[in-house]
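Visitor: Got a structure for you, questions after.
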Amino acid sequence: MSDGQNFLKDLESALTSKTEWFNTSSLPEMLDNYRLLHTCVKNLYELLVQRSLIKPDPYKIDKKISEITVPDSSPFIENERATVMGARLSDYESMLDFICTYFKFSVDHIDIAQIRRLVDLNNCIDWKNLSANNSKTNTRSLAELLAEARNNVAQMTLSLINDSINKSAQAIAAINVLLKELTDFQREIYKGQLRKDMFEHPSFNKSQAFKSPLDEINEIKRLYPEVMGKKPFYNDLIQEIVREDQAPNKQQLQQALLQKLEVKEQRSKTAKKKIDTKEMLMETVLVVSALGPQLDAVIAKIQANHDIITSEHNSFFDKLKKTLRQAFNIPEPKEEYNLVIINQKTDAKSIQTIEYNTFLTNLERKERFFLSFSGKQTSEYRKIESSTEESILDFVNKQISDTQEILILLNALDEYFKVNAETANKEKIKGMKIELVTMKNSLVKANQKRAEYTSFIEEEKQMKKLGIKDVD
């Protein structure tokens, strides 16, 4: 059995090397594609909400995700499309966010069962054939929604829609290729683990097992529940093991398996390609630009709520005071809100007064600014891209810092409207919680990308200090 022992040793080494390659090269690439897909889906979802083609899911922030599930795909009646597709696209975006943020991309974690869940999720929308004639309910409905979204929109928005669809299709295709490779490898992991656990078990009768292929199968079946527990018994993989052990051409089969598991040098080089640090920063800039449409939704609600609050000061006495001010050319008093600001670290409360018109004007200016660099084809984006990395990082830092301060005020303003509206008007007040959580999530993502950039730059500096100049 010395040849057999050498094969087992080589097999174990090959499985270890291939596992390391998946964990450090292939699976990070898969994660990058899921991140791209998530960005595209989120852009399309927010665009459809902004154009009132779908309704945002009011229960989105209350849904807890602990494992991968596929959005509902059952048929629905046409007049429910905005609500149903709003919820389903929201679930799809949330699931992709869960995968990108919490899912562990490792060979140990992504077993056959997890692969099936990922494949089912990947197939829930057919991005490659996004057509109103598609047989899948969600794909067909999304195609119809996007067709409506294309009507009477700016070229920039049209480009965003088409680019998001194309990139989603490319991302899914790349992910599915990697999942197919991982599926094949998990089969070999199963076989290798069974060989190790079964053949080294003290109760495994080697002399009996290797008398014939049938004897080996029977010996494996006898000990399987004791050695492998509740793991499924894959008869086709057991047959492969037996052929690799006892077939007349077993040496060729063994050699073919080892070659199959070999980590190709070309792939290793691809994994070591130089990282474009400026591109990392510009991805952060695009994440920040997503705050534009989000601010637009917030501004609309602020204006509506302000009108409700203002309407409450329309008594006879209020009208008389307004008439007297006009008669004597007395300027209207400033519309001010005294907002309660809560320090998240100390819970200390303070009052900050904002002047409504000035505050709203600044928000609208910020919204237009974010929209000005929301696509790679915009002149403002190209202007930022032409700057030095240091300048771009300063720009990103300022936008994140400014938006964090804006969020504090917006949360306080949301609470102000809810508390200060008269009882009869409280139900009319439009809550901004969903929009503010979406903005917060965008900031979290921008912070994550900024942290990835600064971490990489710092690591690169340290390597150079150590005299390691080839940091590619």
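The values are calculated or read from the model by the stated rules, or taken from the named source; none is laboratory data. Every value quoted in this text rests on a predicted model; they were computed, and no experiment measured them. Here Cβ is always computed from backbone atoms with ideal geometry, including for glycine, and neighbour counts include all displayed protein chains. Remember, those area values only see protein heavy atoms, side chains included, never the ligands or the DNA or RNA. Shrake-Rupley method; radii C 1.70, N 1.55, O 1.52, S 1.80 Å.
Visitor: As a quick test, which of the pairs 136/230; 18/221; 334/383; 60/461 have an alpha carbon distance above 30 angstrom in this structure?
Guide: Numbers: 136/230 36 Å; 18/221 28 Å; 334/383 38 Å; 60/461 42 Å.
Over 30 Å apart, Cα to Cα: 136/230; 334/383; 60/461.
Visitor: For the chain, with every protein chain kept in place, what is the accessible area per residue (1.4 Å probe, Å²)? Write out the running numbers ahead of the final one.
Guide: Values: 26700 Å² over 472 residues.
On a per-residue basis, 57 Å².
Visitor: What is the distance, in nm, between label points placed 7 Å from the Cα along the Cα-to-Cβ direction at residue 31 and at residue 346?
Guide: 3.8
Visitor: What do you get for the angle between helix 27-50 and the principal long axis of the chain? Use alpha-carbon atoms, 0 to 90 degrees, nearest ten.
Guide: Here the helix axis deviates by roughly 30 degrees.
Visitor: Report the rotationally averaged projected area of the chain based on its alpha-carbon convex hull, in square nanometres.
Guide: Working: hull surface 133.7 nm².
Computing the convex hull of the Cα atoms and averaging its projections yields 33.4 nm².
Visitor: Fully extended, how many nm does the chain gain between residue 176 and residue 398 (0.36 nm per residue separation, minus their Cα-Cα distance)?
Guide: Values: separation 222, 0.36 × 222 = 79.92 nm, distance 3.87 nm.
The residue 176-residue 398 span can extend by a further 76.1 nm.
Visitor: Then there is this: For residue 228 and residue 72 in one chain, what is 0.36 nm times their gap in residues minus the Cα-Cα distance, to one decimal in nm? Kindly include the intermediate steps, with their values, before the conclusion.
Guide: On the way: separation 156, 0.36 × 156 = 56.16 nm, distance 3.51 nm.
Extending this stretch completely gives an extra 52.6 nm.
Visitor: Express the carbon and sulfur contribution to the solvent-accessible surface of the chain as a percent, rounded to the nearest whole number, probe 1.4 angstrom. It would help to have the intermediate numbers written out before the result.
Guide: On the way: 13610 of 26700 Å².
Ligands and nucleic acids excluded, carbon and sulfur give 51 percent.
Visitor: Calculate, for residue 448 and residue 250, the FRET efficiency according to 1/(1 + (r/R0)^6) with r their C-beta to C-beta distance and R0 45 Å; round to the nearest 0.05.
Guide: Efficiency, rounded to the nearest 0.05: 0.35.
Visitor: Convert each backbone phi in segment 78-94 into a coupling constant with the Karplus relation 6.51 cos²θ - 1.76 cosθ + 1.60 (shift: θ = phi - 60°), then list the ³J(HN,Hα) values in order as whole Hz, x for Gly and Pro.
Guide: 3J(HN,Hα) across segment 78-94, in whole Hz: 4, 6, 9, 4, 4, 6, 5, 5, x, 5, 5, 5, 5, 5, 5, 5, 5.
Visitor: Still on this structure, I have one more. Helix 316-327 versus the longest principal axis of the chain: what is the Cα-based angle in degrees, 0 to 90, to the nearest 10?
Guide: 70
Visitor: Expressed in whole Å with the largest first, what are the equivalent ellipsoid semi-axes of segment 124-212 derived from the C-alpha gyration tensor as the square root of 5 times each eigenvalue? Could you put the intermediate results ahead of the total?
Guide: On the way: eigenvalues 556, 35, 13 Å².
After diagonalising the Cα gyration tensor, the semi-axes are 53, 13, 8 Å.
Visitor: At q = 0.19, 0.23 Å⁻¹, what log₁₀ I(q)/I(0) does a Debye calculation on the Cα points of segment 57-166 give, no solvent, two decimals?
Guide: -1.12, -1.36
Visitor: Note the angle between two axes, namely the Cα long axis of helix 235-246 and the longest principal axis of the Cα atoms of the chain, as a number of degrees from 0 to 90, rounded to the nearest 10.
Guide: On a 0 to 90 degree scale, this one is about 40.
Visitor: Right, next: Across the Cα atoms of segment 360-456, what radius of gyration and what greatest pairwise Cα-Cα distance (Dmax) are found, in Å?
Guide: Rg then Dmax for segment 360-456, in Å: 16.9, 55.
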